[in-house]
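*Asks:* Here it is, the structure in full.
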Amino acid sequence: IEKKTGDEFDGEDSQYTNTIRSLRDGSFGLHSERALLGLWRFSTRQRKQKAFFEHAAIHFEGQFGRKERKIGGAIQKSYDWDAIFDDPHRPLVCDVGCGMGVSILGLATSKASKAASSVVDVDWESCNFIGVDLSNLAIRYCQGIADRWNLTGHVQFVSDSAEKCLDALQFYPGPLTLALIQFPTPYQFQPHESACEQDLASVFKQKGNAQLPTSPKDNFMVSSELLACLHRVLNKGRGQLLLQSNCEDVAVFMKNASIEAGFMPIAATHPVTELEAVTQRAQRWAASGGERAVGNVFSAVPLLPLVSRTETEVACTIDKKPCHRVLMSAIEISNNENANLNSNN
């Protein structure tokens, strides 16, 4: 393709037309659809992404040796915020389970105005960003990009458990203004408790992915403990929590679990009014009588700038599959405040 880019070609006939054009005009990059779709395909080719990352990390550990927390490419015993960021008093955006970090990298380089972010009212250019993930391999990938893009003064990636990172965020000098939980690896499908015996029999005839956690309480990242910790640190800075999933039942579970942890849902400016069960999992959820991801708290449009899309979100868009989004507040919001939030965006 690179060779063809330098040659003359018939744009109408070439199978590489879009790629060649994007290479020539400089629009091809990490956050272009083709690149993100490549990352998504790389992940889904593995039998289980988490298992792949863990085994790859063990391989790297065996060659290079390390079993300590790593922040920004350096081994750390604790979180020294003055050493991590140039100005640790700036508002902080945290991506929990950041994976390959494309969302944080997009936000950190975004020139989008507040209005372009819908109800997520954040001035991205004034923020620090931190992504945390257990995968050493994924963290090395995104930290390497942050290094090459000269972002390390306000962008860092951490190989650590989410709970330990969030505990440390209680001592962050500035406010935690936004936390992101985007497309966590789902658990095995669980029919809604209201499903009748006949519906359950039909649902369980269909096989699911046996490699996933068996239930929301079995190693699913978004635990009640995680949400409680998030609420503590976000409440301090009057922050918000953005939840996204491509699984309807998972999105509904995260929304309800967040409310139980003390979060308040923020009304969407463009709510989901109707929802077609496109995927087999969504059809099974609807058939079992599960709560649908519709209503004024589920957003029908993205809540972050386009450049912050994850690889999963891009794949869903291309496949015309829904993404379920909810924005939560760590403090109670009155009806008037909620209306003001929406009118300002």
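*Asks:* Given a cut-off of 30 Å, name the pairs among Lys111/Lys236; Lys111/Lys320; Lys164/Lys321 whose C-alpha atoms lie farther apart than that in the structure shown.
*Replies:* Beyond 30 Å between Cα atoms: Lys164/Lys321.
*Asks:* A follow-up question, please. Mind checking the alpha-carbon convex hull of the range 201-330 and giving the volume per residue in Å³?
*Replies:* Taking the convex hull of the Cα positions in the range 201-330, it is 125 Å³ per residue.
*Asks:* Give the accessible area for Ser308 in Å² (nearest 10); use a 1.4 Å probe, count only protein heavy atoms, and leave out ligands, DNA and RNA.
*Replies:* 0 Å²
The values are calculated or read from the model by the stated rules, or taken from the named source; none is laboratory data. The structure presented is a predicted model; accordingly, all values stated were derived computationally and were not measured. Keep in mind that these areas ignore ligands, DNA and RNA; they rest on the heavy atoms of the full protein, side chains included. Shrake-Rupley method; radii C 1.70, N 1.55, O 1.52, S 1.80 Å.
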